[in-house]
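The values are calculated or read from the model by the stated rules, or taken from the named source; none is laboratory data. The shown structure was predicted, so the numbers you read here are calculated from the model rather than taken from an experiment. Quick reminder, even Gly has a Cβ in these numbers, built from the backbone with ideal geometry, and neighbours come from all protein chains shown. With ligands, DNA and RNA removed, areas are computed over all heavy atoms of the protein, side chains included. Shrake-Rupley method; radii C 1.70, N 1.55, O 1.52, S 1.80 Å.
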Amino acid sequence: DSGVTQTPKHLITATGQRVTLRCSPRSGDLSVYWYQQSLDQGLQFLIQYYNGEERAKGNILERFSAQQFPDLHSELNLSSLELGDSALYFCASSARSGKSTDTQYFGPGTRLTVL
Amino acid sequence: GENVEQHPSTLSVQEGDSAVIKCTYSDSASNYFPWYKQELGKGPQLIIDIRSNVGEKKDQRIAVTLNKTAKHFSLHITETQPEDSAVYFCAASRGQNFVFGPGTRLSVLP
């Protein structure tokens, strides 16, 4: 158990809908990262937050957004969903950000299925 | 940007044999190289990592070697066991943004 929690575990929805994925980092970790894992794309970095502020962006679509709250939990919002958004979405957390590389610990993931 | 290649994509070994997975990276400024194990239905789990100021690191049956000149690093698993069967991912980073390899599916046959 990494200490990172994600909810829900599974999510099934229809095209065009909007969903919210939730992540709680390990106790004491200030950074949260979101990744998308699909069969043909591997693990793709989406976005990073550090202590409530956006720190880095990866291959995140404009239809997707995220935020980190004062209690350090994070939410990833996916809107106007398409079939191709079906994937595993992972959250990871680490203690620090930016100045040096820190180990990232992954949560169990949310499996999103868009029908 | 950084690009990480990983080989082989699948690997089958007999229980007790060794397994080696190799990764190459493109950005010479990358300085942190973790390896993750992902079992079916679970998130990636860190199994070992190495930083650029070290050439080799061991943890029981697992070792990682790094060749900065050639820009490649390898995962070595000795005395493999059935519970080692999983998908293994390497990653390279020079800050906090990891770039992952495509993964290697390791099967340990009893």
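Remarks
- Of the peptides B:32-45, B:65-78, B:1-14, the ranking by mean beta-carbon count within 10 Å, highest at the top, reads B:32-45, B:65-78, B:1-14.
- Relative to the globular-protein estimate of 2.2 N^0.38 Å, the Cα radius of gyration of chain B stands at 1.01.
- Interface residues of region A:38-70, defined as those with an accessible-area decrease of at least 20 Å² between the chain by itself and the complete set of protein chains (probe 1.4 Å), are A:Leu43, A:Phe45.
- When a 1.4 Å probe is rolled over the protein heavy atoms, the share of accessible surface on the protein assembly as shown that falls to carbon and sulfur comes to 47 percent.
- Amide H contacts of A:Thr113 (H built 1.01 Å from N, under 5 Å, at least 5 apart or other chain): A:Leu11, A:Ile12, A:Thr13
- Inter-probe distance in nm under a simple model that places probes 7 Å from Cα toward Cβ, at B:Val54 and A:Ile12: 4.5
- Total accessible surface hidden between A and B, rounded to 100 Å², 1.4 Å probe: 1500
- Accessible surface area normalised per residue over chain A is 48 Å², counting heavy atoms of protein chains with a 1.4 Å rolling probe.
- Over chain B, relative contact order from alpha-carbon pairs under 8 Å, at least 6 apart, %: 37
- Complex-versus-alone comparison for region B:66-110, residues with a loss of 20 Å² or more in accessible area, probe 1.4 Å: B:Phe89, B:Gly95, B:Gln96, B:Asn97, B:Phe98, B:Phe100
- Springs join every pair of Cα atoms under 10 Å in this Gaussian network model of chain A, and among A:Gln48, A:Gln37, A:Gln68 the largest mean-square fluctuation is at A:Gln37.
- Greater than 20 Å apart at Cα, pairs in B:Lys37/B:Lys57; A:Lys9/A:Lys57; B:Lys42/B:Lys68; B:Lys22/B:Lys42; A:Lys57/B:Lys57; B:Lys22/B:Lys71: A:Lys9/A:Lys57; B:Lys42/B:Lys68; B:Lys22/B:Lys42; A:Lys57/B:Lys57
- Average projected area [Cα convex hull, the protein assembly as shown], square nanometres: 12.1
- Compared with the alpha-carbon gap, the fully stretched path from B:Glu5 to B:Ala29 is longer by 7.0 nm at 0.36 nm per residue.
- Hydrodynamic estimate: the Kirkwood radius of chain A over Cα pairs, inserted into Stokes-Einstein at 10 °C and 1.306 mPa s, corresponds to D of 114 µm²/s.
- Per residue, the accessible area of chain B comes to 49 Å², computed with a 1.4 Å probe over protein heavy atoms only.
- Selected from B:Asp84, B:Asp59, B:Asp49 as most flexible by GNM, with chain B as the system and alpha-carbon contacts under 10 Å: B:Asp59
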